[in-house]
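The structure under discussion appears below in the form of structure tokens.
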Amino acid sequence: MTSSVIVGEDEEDSFTKPLGRLSVFYYGVGHMLNDITASCWFTYLLLFLTQIGLSPRDAAIVMLSGQVADGFATIFIGELIDRFGHFKIWHAAGSLLVAISFSSVFGGCLPCSILHSTSLTIETLSYSTFAAIFNIGWAATQVSHMAMVNCITLNSTSRVALTSSRNAFSMVANLGLYAIALVVFGVSKADTKENTESQYRWIAYSCITVGCGFVIIFLMGTKEPRLRINLRESNRTRIPWAYWFRKILYYQVAVVYLLTRLVLNVSQAYLAFFVIDDLQMAQSAKALIPAIIYICSFVVSVMLQEIPWNGKRLKAYYCAGGIIWMFCGVSILLLPRSINSFMYAISVFIGIANALILVRHSPSAT
């Protein structure tokens, strides 16, 4: 990695000391733009596209194009960052792509306006293109931000503190989205396609404004990290990327991360609609249930920053989060409509479980 520097044992001691709270804060807010736009993306994209006239099939194509682009971009961007470094440049470039493409998706079909066309095919192609660009930028920001943890500090407790701070502000971002959406949906009606587009446009612009503000704070407050290598290890050759595909640990970490994100994304995208369609709860529950989940996750994430961590403790907390989630899942499936108010109590435990499994999946690679 070109951003690597060689340090001796005396200089390395300064990087093993715990980080200050301000440094942890600056790092934690660096993923706010990604978090708030991703929350809006998974919660409202399919609903938005179908409400403006796209068929469920075309809406699914748009979503799928973004996810496929994200999958490929994550691999190649990770390799490029590992090879060339410059984390903050990748982060800034990715954030710029996210802001432009996100506003282009929820801001309406730009090619349709230029070509004065109402073709659904052009709409689908337009939204699919910007969805792919959005996910490429999102991947660049995510990978560069996550990779910084191991290069900012050598202290294991500080690394977990950085991850917990990132997760805590992820909860803030999600709560912020629901607050923005609640205000927009409350003051305007979506009785026409134009009004629907206007609603989501305001939500998108508000998310971008808030997220970009925190990106600026991150870029100004966080120094460009440089990978620290012990002097005794300086003569080792760089490990080729194909080496990891022969390691079982690589697949173990990948499966843990995949399953963690699957649980979080599915619960985020469908739980709010489940409480309305299946449990037939009040409309306010669609906002209250996610809010309770994220508030509980935020509180637990902050508490986890104060715990001294080691490998065994990380595994224990992650397993505890998984077990809690399994009980919550069973409870949701068996919960009858007659006592649907218990969903509020279940959401508390879901929030706790989310915080526990999130604090594990990033440090697991350290």
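Read the figures in this text as sums done on the coordinates, not as results from a lab. Keep in mind it's a predicted model, so treat the numbers as computed, not measured. Don't worry about glycine lacking a Cβ; one is built from the backbone with ideal geometry, like all the others, and counts go over all protein chains shown.
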Acute angle (nearest 10 degrees) that the helix 343-361 long axis makes with the longest principal axis of the chain, alpha-carbon atoms: 30 degrees
Contact order relative to length of the chain, as percent, for alpha carbon pairs under 8 angstrom and 6 or more apart: 26 percent
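Treat every Asp and Glu Cβ in segment 247-366 as -1 and every Lys and Arg Cβ as +1, leave all other atoms uncharged, and give the resulting dipole magnitude about the Cα centre to the nearest 20 debye. Please list the in-between numbers first.
Values: 8 positive and 3 negative charges, 83 e Å.
Around 400 debye, computed over segment 247-366.
What does the charge add up to near THR74, with Lys and Arg as +1, Asp and Glu as -1, over the other residues with Cβ less than 13 Å from its Cβ? Display every interim value, and only then the final one.
On the way: positive: ARG261; negative: ASP70, GLU79, ASP82.
After counting each charged neighbour, the total is -2.
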Kirkwood-Stokes translational diffusion coefficient of segment 1-238, alpha-carbon pairs, 4 °C, 1.567 mPa s, µm²/s: 67 µm²/s
Segment 29-89 - Debye-derived log10 I(q)/I(0), Cα point model, q = 0.23 Å⁻¹: -0.99
Eligible lysines near LYS312 by straight Cα distance, threshold 19 Å, same-chain separation 8 or greater: none
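Over all distinct alpha-carbon pairs, what is the Kirkwood Rh of segment 292-351 in angstrom? Spell out each step's value before the answer.
Numbers: mean 1/r = 0.0779 Å⁻¹.
Answer for segment 292-351: a Kirkwood hydrodynamic radius of 12.8 Å.
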Neighbour net charge for GLY28 - beta-carbon separation under 11 angstrom, K R +1, D E -1: +1
Degrees, to the nearest 10: 56-84 long Cα axis against longest axis of the chain: 10 degrees
Lys, Arg +1 and Asp, Glu -1 on Cβ, resulting dipole of segment 102-209 about Cα centre, debye, nearest 20: 340 debye
Cα-only Debye scattering, segment 247-366: base-10 log of I(q)/I(0) at q = 0.09, 0.10, 0.17 Å⁻¹: -0.27, -0.33, -0.85
Tilt relative to the chain, helix 311-334 - C-alpha long axis, 0 to 90 degrees, to 10: 10 degrees
